[in-house]
1. Positive end of the charge dipole of the chain (Lys, Arg +1 and Asp, Glu -1 on Cβ, about the Cα centre): tell me which of P91, N65, L28 has its Cα farthest that way.
2. So, in nm, how far is label F106 from label R32 when the simple model puts each one 7 Å beyond its Cα toward the Cβ?
3. What does the charge dipole of region 165-238 about its Cα centre add up to, to the nearest 20 debye, if the Cβ of each Lys and Arg holds +1 and the Cβ of each Asp and Glu holds -1?
4. Once you mark the GluC sites (Glu not before Pro) that are in a DSSP loop and have at most 11 other Cβ atoms within 10 Å, what is the longest gap between them in the chain?
5. Hey, what number do you get for the chain at 222 nm if only DSSP H runs of n ≥ 4 count, each worth -39500 (n - 2.57), divided across all residues, to the nearest 500?
6. Which lysines have a Cα less than 23 Å from the Cα of K213, not counting those fewer than 8 places away in the same chain?
7. Once the dipole of region 123-190 is set up with Lys and Arg at +1 and Asp and Glu at -1 on Cβ about the Cα centre, which of I178, W188, S155 lies farthest towards its positive end?
8. Would you work out the relative contact order for region 2-231, in percent, from Cα pairs under 8 angstrom that are 6 or more residues apart?
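Taken together, the values in this text are just the output of simple stated rules run on the coordinates, not laboratory data. Everything numeric here is computed off the predicted structure, so don't read it as measured data. No Cβ is skipped: glycine too gets one built from the backbone with ideal geometry, and neighbour counts run over all protein chains shown.
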Amino acid sequence: MAALRSIIFYLGLFPMTVIFSMIGILILPLNRQTRYLTVTRWSKFALWWLRISCGLTSRIAGVENIPVAPSVIFCKHQSAWETMALQFIFPPHVQVVKRELLRVPFFGWGLASLNPIAIDRSAGAQALRQVLRIGAERIGQGWWVLLFPEGTRTSPGEQHEYSPSAAALAIRAGCKMIPVAHNAGVFWPRNVMHKFSGEIQMAIGPPIDSEGKSAAELTAEARSWVEAQCAKMPRIPP
């Protein structure tokens, strides 16, 4: 049943992806705010269609912890779900992504219209400088910045090394960092077509002040909170 429902999900999602990728190209001359509000309608549709076709919903805790001032979102990365859901939980934000994603037909074209911070991960220190420079500019312009500190998707219960990039950006921009934990990978596993029905849990932590802390200290504090929250969440489909 999960396989059939997943096929139905993708059959409905693909034509909308093509449509919105074309729209994303056509609206490139418009301002960033307009492009964001337009292209994120695709995510709105995808999450709605996911609920209808696969019976997958979500429960968000800690929304009251989101501050007014632009900040850095420090989020666990397990699936494509959180990249869409966060668009409607947090204020408008830009995402740090692998440059190769912009070359993916249709999806990458729409993503490009959101003006993400696209980096070459093999560039090392140069990529970090790019994130700090552009990220600080975006925050100064009133945008939030989303980073996945592990750099890639992880399976539930799995941990990769946490990059200090998010913390370094928060320190440079003089803003707070917001830790986010969830278990989306239980229901939308990495590299698997199946989507399982159920309820994704997401927890948003209290803002972490970057003032007077090193990037290592700030990263360790946020990581500790995220992993502790993830450990409390179900790790297998119901």
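1. L28
2. 2.8 nm
3. Numbers: 8 positive and 6 negative charges, 54 e Å.
Its charge dipole is roughly 260 debye.
4. Numbers: sites that count: E161, E211.
Between the exposed loop sites, the longest stretch runs 1-160.
5. Values: 8 runs with 105 residues, N = 238.
Helix contribution divided over all residues of the chain: -14000 deg cm²/dmol.
6. Excluding near neighbours in sequence, the set is K76, K176.
7. I178
8. On the way: 410 pairs, mean separation 64.4, N = 230.
For region 2-231, the relative contact order is 28 percent.
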